[in-house]
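J.: Here it is: the structure, laid out below.
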Amino acid sequence: MPILTATPAAIGDAAQHLAAGRLVAFPTETVYGLGGDAGSDSAVAAIFAAKGRPTFNPLIVHAPGALALEEAVVFDGRARRLAELFWPGPLTLVLPRHPRSRVSLLTSAGLDSIAVRVPSHPVALALLRAAGVLVAAPSANRSGRVSPTSAAHVAEGLADRVAMILDGGTCPVGVESTVLDLTGDRPTLLRPGGTTLESLEEAIGAIDIAGPIAPDTPRSPGQLSSHYAPALPVRLNASRPEEGEAFMGFGPVDGATLNLSPTGDLSEAAANLFAMMRRLDDSRYRAIAVAPIPNHGLGRAINDRLRRAAAPRPS
Ligand code: AMP
Ligand code: MG
């Protein structure tokens, strides 16, 4: 499995792999993706196999522009407005499947909706343009593990399972895309992510928040699927570390082992989140304590990932 710097030649080779049904890991502005031809059942099956996903969750379909998605999904007025305002960028729209859609049903786990997005990373855009196929891509990590924000992270988990890893450096946003469901009358936030809820509501008005991720509702731990999980236990809203704990700080806290953002900048914290989680996930410690993160803007996505990291693990 070669890790190749994302030169035009390497991007061309990666595009050929995708067009031939093989898997390529590539950088996006959010996290690294594990890409395969979204129209190919066998390529999509290979994605699930490589990740070791126990179930067929629906995957996000990536395109180099909204035009390339016209015959994959059905855009309504809200979808067009959001696409114009936020694409390319970290926003995924769940839209009705187009009657002539050639996207594999395995990609959408048999649903009659498809999640679509146009990433803004220049390497991702160049790759998608050159490949000439829609690309299904979940995060390029083994199932249940922390999402990769560098080519080295991808290699740790998927080294021998992809035809190529395109190295485009560190992902600038660092948390996954925001997922917004537009299949019903009320737009519904399915996953907080790199595009803030506030900016989406400014564009299209009130957005419902899907049950399990509502910020202020009391939740039973069982509601939370463990995901993005480090090997060590995670303790949230910690004001200081206890004996033997690593401490992931935020803002001007004392005693941080690593600090997501000493100045309290949520964008910087999002970009650092997964890489710092990996560095603290070390057998020198018995747990990872995490300082409180404000729950607005990108903080909503950071807190969602942290709650999942702290959720009880499947046995
Ligand atoms: P990931 O595989 O980590 O990129 O995450 C993809 C996210 O998009 C998951 O939260 C999926 O549940 C969600 N998703 C993808 N397709 C659909 C769909 N058709 N309907 C609802 N959610 C979807
Ligand atoms: Mg993932």
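The values are calculated or read from the model by the stated rules, or taken from the named source; none is laboratory data. Here the structure is a predicted model, which is why all the values come from computation and not from measurement. Only protein heavy atoms, including side chains, enter the accessible area calculation; ligands, DNA and RNA are left aside. Shrake-Rupley method; radii C 1.70, N 1.55, O 1.52, S 1.80 Å.
J.: Considering just Cα atoms, how many Å³ per residue does the convex hull of segment 25-170 enclose? Walk me through the numbers on the way to the answer.
T.: On the way: hull volume 14.2 nm³, N = 146.
Looking at segment 25-170, the number lands at 97 Å³ per residue.
J.: Report the Cα-based extents of the chain along its three principal axes, largest first, to the nearest Å.
T.: Cα spread of the chain along its principal axes, largest to smallest: 57, 46, 37 Å.
J.: Give me the one-decimal Kirkwood hydrodynamic radius in Å for segment 33-75, with the sum taken over alpha-carbon pairs.
T.: 11.6
J.: Per residue, how much accessible area does segment 6-101 have with a 1.4 Å probe, in Å²?
T.: Values: 3730 Å² over 96 residues.
Per-residue accessible area for segment 6-101 comes out at 39 Å².
J.: Cα axis of helix 77-86 to longest principal axis of the chain: angle in degrees, 0 to 90, nearest 10?
T.: The answer is roughly 60 degrees.
J.: Provide the percentage of antiparallel DSSP beta bridges, counting only those with both residues in the chain; round to the nearest 5. Kindly include the intermediate steps, with their values, before the conclusion.
T.: Numbers: 16 of 38 bridges.
Expressed as a percentage, antiparallel bridges in the chain total about 40.
J.: Angle between the Cα long axis of helix 41-51 and the longest principal axis of the chain, 0 to 90 degrees, nearest 10?
T.: 10
J.: While we're looking at this one, here's another question. On a 0 to 90 degree scale, rounded to 10, what angle separates helix 266-280 from the longest Cα axis of the chain?
T.: 70
J.: At 1.4 Å probe size, what's the solvent-accessible area of S42? Round to the nearest 10 Å².
T.: S42 exposes around 90 Å² with every protein chain in place.
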